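First comes the structure, then the notes that go with it.
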Amino acid sequence: MKYLAEYRDPEVARKIIAEIHRVTTKPWVVMEVCGGQTHAIVRSGIDQLLPKEITLVHGPGCPVCVTPLETIDQAIAIAASPGVIFCSFGDMLRVPGSSRDLLTARSAGADVRIVYSPLEALQLARENPDRQVVFLAIGFETTAPGNAMAIIQAEREGLANFSELVCQVLVPPALRALLASPANRVQGYLAAGHVCTITGLEEYREIASNYKVPIVATGLEANDILEGLLMLVEMLESGRCEVLNQYSRSVRPEGNLPARAAVDKVFGVADQKWRGIGELPGSGLRIRREYQKFDAARRFAVESLKVSEPAECISGLILQGLKKPDECGAFGRRCTPESPLGATMVSSEGACAAYFRYKPLN
Amino acid sequence: MCLAMPGKLVEIFEEGGLKMGRLDYDGTVNKVCLEYVPEIELGQYALVHAGFAISILDEEEAARSLETWREFNRLREKEGAVAFDNRPVKVGE
Ligand code: SF4
C-alpha cells in the first residue's frame, strides 16, 4: 500500500538501527509520548534491537488511559438517564469506572452506541429529535477539532438535543509537569506526530528551550519512530536541545490553522484531571460560555464523584514513564484485557495492553 | 484512535453545509469530513483522525524521507556494514 509499506520495511529498519548503534555513546532515557507509537514499538520489537544504552519509556499519550474515573462515572450516569442515546468511541466502553463500565450500563438497559466520529453522533441527534444524544468527547489535541466542529454544526442547525461530555487533554502541559517532577529521568522526547499535525511546533520549541530537552515530532510507523529516535540521539549526543520534525509529510510548523481556530472558538483552556496522574493546571479544554448549552455535564447536572482507583494498579506510574507494565504485580495475572483493572490494559493504545499482546509473560 | 495510514481522496461532496469526502484505503472507502483541509484535491492523500482529515500528506516530504532511507542503504552497503553491528561504522562523507 502506498505510503505505508515503506515505513515498515524491515531492511530500512535494520539500517536505521545500525545507524543508531553507531551514534550512541552514552546512556539516554527517551520517552515516546504517543500510545500508537508504544504499540508500534512493542509490536515490531524495536525496543529489543536498540543499543543497551537507550532506555525507552512509554508516555501518557493514550487518551483512553488518562480519562479520569469521574468522567466514566459521569458518562454512566448520563447514559442511564431516561431518553438518552449515549455515543462513544468503542475503546471507552470497557474502561472501568468506580463500580462498572459503559458496557455493563448497556446490558442494564442504557442505550449506548459506538461511533467513529462525533459527526455520527450529530446525525443520530438529527434522526432522533425526541431523544437526547450525548457524545463522550475524549482525547488529545487530535480529537478536539472534530468535537469542536460537531458543536459548531449543532449550533448552526439549532440542534437542541445534542451535547458533549468533554474530557479533552493537552500534551504540552503534561510534558511540563513530567519535566518539572523531581522523579523525572527522561532526557528527550518523541512527540506525537498527529498531535503536532494539529498544534504545530511552537509550544514544543518553548518546552525544549525552557527545560533543555530535545524533541522530535515523530510519525507512527516503526521506521518513523526509528528515524525520530536517531534524530533525537544525535541531538542528545551533541548536546543540542532543538525541536526537529521527522513527520514532515504531515506536520507543518504552524499546525493545522483551520482546526486550531475551530478548537479555539468552542473551547477554552482549563485545569484537567488525568487518570493516575492527578490534576494538571491548564492541561484540558472546557466548552466556552457561548456554547455552554452543549455541555452535557451541565445539561445533566452530573456531580464529580470522588473515587479511588484499584490500589494495586500502577498505571499512573506507567503513564509517567516511571514504571513498565511488567513491573506491575497484577499484570497478566489478575489484570488482563479480558478483565482489566486499569485503563492502560483496556485501551487498544494502552501500554499494558501492548505488553500483554506482544510480550506475554514468560 | 490514531490511524497512521493515509487514504486517497476519491470523492468530494457537501453534507449539511460541511465539506465531506471519501478516502480510499486500498479498496476500503471511508467517509471523512474535509473542513480542516479545505484546499485538498481529488487524488491527494490525507491523514484522518476520528472521522476528520487532519492533514494533506505532503508527497514531496514523504519522498524525501524515503530517499534519505534509500541513501542510508546505499552508503551502508558500500561500507559493507552489518545490521545490528554495535561497533562504530564510518558512513561516507
Ligand atoms: S497491568 Fe493492570 S493493574 Fe497493572 S498497571 Fe497495568 S492496568 Fe494497572
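No value in this document is a laboratory result; all are computed from the given coordinates. Predicted model, so just to flag it, every value in this text is computed and none were measured. Because the Cβ atoms are built from the backbone with ideal geometry, glycine has one as well, and the counts that use them run over all protein chains shown.
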| request: Of the listed pairs A:Lys324/B:Lys8; A:Lys212/A:Lys273; A:Lys212/A:Lys324; A:Lys26/A:Lys323; A:Lys52/A:Lys359, which have alpha-carbon separations greater than 28 Å here? | output: A:Lys324/B:Lys8
| message | List the trypsin sites (Lys or Arg not before Pro) within the range A:322-362 that DSSP assigns to loop and that have no more than 11 neighbouring Cβ atoms inside 10 Å. | response | A:Arg333
| message | Using alpha carbons only, how many angstrom separate the centre of the range A:5-63 from the centre of the range A:121-199? | response | 28 Å
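How would you rank B:Tyr45, A:Tyr116, going from fewest to most other Cβ atoms within 10 Å of each one's own Cβ?
Listing B:Tyr45, A:Tyr116 from fewest to most nearby Cβ atoms yields A:Tyr116, B:Tyr45.
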| Amide hydrogen neighbours beyond the local backbone of A:Phe135, cut-off 5 Å, H modeled | A:Cys87, A:Ser163, A:Glu164, A:Leu165
| note | Contact order relative to length for chain A, counting C-alpha pairs under 8 Å separated by 6 or more residues, stands in percent at 23 percent
| Spatial separation of Cα centroids for the range A:66-100 and the range A:279-297, in angstrom | 18 Å
| message | I want to check the label-to-label distance for A:Glu11 and B:Glu39. Put each point 7 Å from Cα in the C-beta direction and report it in nm to one decimal. | response | 3.5 nm
| Considering chain A as a Gaussian network with a 10 Å cut-off on Cα pairs, which listed residue, A:Gly316, A:Gly342, A:Gly45, attains the greatest mean-square fluctuation? | A:Gly45
| Residue-by-residue Karplus 3J(HN,Hα) for the range A:77-85, coefficients 6.51, -1.76, 1.60, Hz, glycine and proline x | 4, 5, 4, 7, 6, x, x, 8, 9
| task | Counting other beta carbons within 10 Å of each Cβ, put A:Thr218, A:Thr336 in order, fewest first. | result | A:Thr336, A:Thr218
